[in-house]
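Heads up, the thing below is written out as structure tokens.
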Amino acid sequence: VQLQAFGGGLVQAGGSLTLSCAASERTFRTYAMGWFRQAPGKEREFVARISQSGGITSYADSVKDRFTISRGGALNTANLQMTTLKPEDTAAYYCASTDAVIGGTESGSYRYWGQGTLVTVSS
């Protein structure tokens, strides 16, 4: 499975962006999916995850109530809607997937990774 993340860009603090992740195979619809991010000089960290059906989601405390993860209508895409962005949200964002009902909050629990898409939030 190949994943492609896109939608990053430059936005002012308080603004919004939506990231998308598209899979190369329709089997992605049976995979759980997650978003992680990595700021310069920091470890990659969990942002959000969603189950294979889209019925279960969870978020890092730092983004709860601001970010929303969802699956596309065909289930082979996944989106991360980000609102009320803060400068500390600046990072490269990565989508990941794994053949499970739902993935964990650790990067090691995901088998497939997309390339990062950069989000920069200016103050």
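The values are calculated or read from the model by the stated rules, or taken from the named source; none is laboratory data. Fair warning: this is a prediction, and the values are worked out from it, not measured in the lab. Every residue, glycine among them, receives a Cβ derived from its backbone with ideal geometry; neighbour counts consider all protein chains shown. Just so you know, the surface numbers come from the protein's heavy atoms only, side chains and all, with ligands and any DNA or RNA stripped out. Shrake-Rupley method; radii C 1.70, N 1.55, O 1.52, S 1.80 Å.
At a glance:
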{"item": "So Leu118, is it loosely packed, with under 14 Cβ neighbours inside 10 Å and touching a residue at least 12 places away in the same chain (Cβ under 8 Å)", "result": "yes"}
{"item": "Residue match in segment 30-45 (condition: at pLDDT 95 or above, more than 18 Å from Val119 (Cα to Cα), part of a strand (DSSP E or B) and open to solvent by 40 Å² or more (accessible area, probe 1.4 Å))", "result": "no"}
{"item": "The lone exception for Asp65 - which of (1) out of contact with any Lys or Arg (no Cβ under 7 Å at 6 or more places or on another chain); (2) within 18 Å of Ala13 (Cβ to Cβ); (3) part of a strand (DSSP E or B) it fails", "result": "(3)"}
{"item": "All positions within segment 87-102 that are over 12 Å from the mean Cα position of the chain (by Cα) and either closer than 28 Å to Gly15 by Cβ or modelled with pLDDT of 95 or more (or both)", "result": "Pro87, Glu88, Asp89, Thr90"}
{"item": "Residue tally, condition under 16 Å from Tyr31 (Cβ atoms), of a type in the set (Val, Ile, Thr) and open to solvent by less than 60 Å² (accessible area, probe 1.4 Å), over segment 58-104", "result": "4"}
{"item": "Set Leu3, Leu17: member being more than 13 Å from Gly114 (Cβ to Cβ) and buried (at least 16 other Cβ atoms within 10 Å of the Cβ)", "result": "Leu17"}
